[in-house]
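Novice: Below you will find the structure I want to go over with you.
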Amino acid sequence: MTSDHKRNTEGLAKAREKKSEKCQERVDKAIQQLLKEKEKINFNSVAERANVSKKYLYDNHYDRIDTLRKQQEGLPSLKQVKREMTDASKDVLIAAKNKRIKELEKEVQRLKGILARRYGEDYDKGI
């Protein structure tokens with residue numbers, strides 16, 4: 001007893017294709033966000049953002065992610081930029097404080113001069 005019945009798998013094929021398209025869109029969106037936020041692009045970061053497996057990325061997007069990753073190799077990391085900004089801001093703060101210290105030292109000298117003259121006047125008066 002053989003059956004000539006052919007199974008209808010069109011619905012499954014369409015569902016699989018739709019799922020694949022959604023994965024593709026999530027990966028594209030994740031890469032765009034990483035580029036916009038100037039974060040490192042690698043398989044881990046894209047997989048996490050797109051909520052897909054690294055295997056999926058290796059199987060379907062290896063060339064694209066590898067190219068982007070290699071392009072970013074020469075760029076400084078966000079942590080490095082923040083560290084450099086912190087060092088630069090420290091230099092600015094130190095310069096501002098040094099200027100303020102000099103101003104205060106001049107004010108102290110001026111007040112000492114006034115005080116010395118005042119003591120001299122009081123000494124002359126016999127107080």
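Novice: Tell me the mean residue ellipticity at 222 nm calculated for the chain from its helices only (DSSP H runs of n ≥ 4, each -39500 (n - 2.57), averaged over every residue, nearest 500).
Specialist: -28000 deg cm²/dmol
Novice: Lysines near K125 by alpha-carbon distance under 19 Å, same-chain residues fewer than 8 away left out - which ones?
Specialist: none
Novice: Which net charge results when you count Lys and Arg as +1 and Asp and Glu as -1 among the other residues whose beta-carbon is under 14 Å from that of Q32?
Specialist: +2
Novice: Which residue, K22, K90, K14, has the most motion in a Gaussian network model of the chain that connects Cα atoms within less than 10 Å?
Specialist: Of K22, K90, K14, the most mobile in the Gaussian network model is K14.
Novice: On the protein heavy atoms, probe 1.4 angstrom, tell me the percent of accessible surface of the chain carried by carbon and sulfur.
Specialist: Accessible surface attributable to carbon and sulfur in the chain totals 53 percent.
Novice: How much accessible area per residue does the range 1-70 have, in Å², with a 1.4 Å probe?
Specialist: 83 Å²
Novice: Among the aspartates and glutamates, which fall within straight-line cross-link reach of K14, defined as a Cα-Cα distance under 18 Å, with same-chain neighbours fewer than 8 residues apart omitted?
Specialist: K14 reaches E25.
Novice: Looking at the chain as a GNM with Cα springs under 10 Å, which of R49, R100, R64 has the largest mean-square fluctuation?
Specialist: Judging by the Gaussian network model, the answer is R100.
Novice: I would also like to ask the following. Mind checking the full-extension length gain between A95 and K70? Use 0.36 nm per residue of separation minus the Cα-Cα distance, one decimal, nm.
Specialist: Between A95 and K70, full extension yields an extra 5.1 nm.
Novice: A follow-up question, please. What percentages make up the Cα-Cα pair-distance distribution of the chain when the bins are 5 Å wide from 0?
Specialist: All Cα pairs, binned at 5 Å, distribute as 2, 8, 10, 10, 7, 6, 6, 5, 5, 5, 4, 4, 4, 4, 4, 3, 3, 2, 2, 1, 1, 1, 1, 0, 0, 0, 0, 0 percent.
The values are calculated or read from the model by the stated rules, or taken from the named source; none is laboratory data. These figures come from a predicted structure and were not determined experimentally. Note that each Cβ is placed from the backbone with ideal geometry, even for glycine, and that neighbours are counted across all protein chains shown. Note: accessible area is taken over every heavy atom of the protein model, side chains too, but ligands, DNA and RNA are not part of it. Shrake-Rupley method; radii C 1.70, N 1.55, O 1.52, S 1.80 Å.
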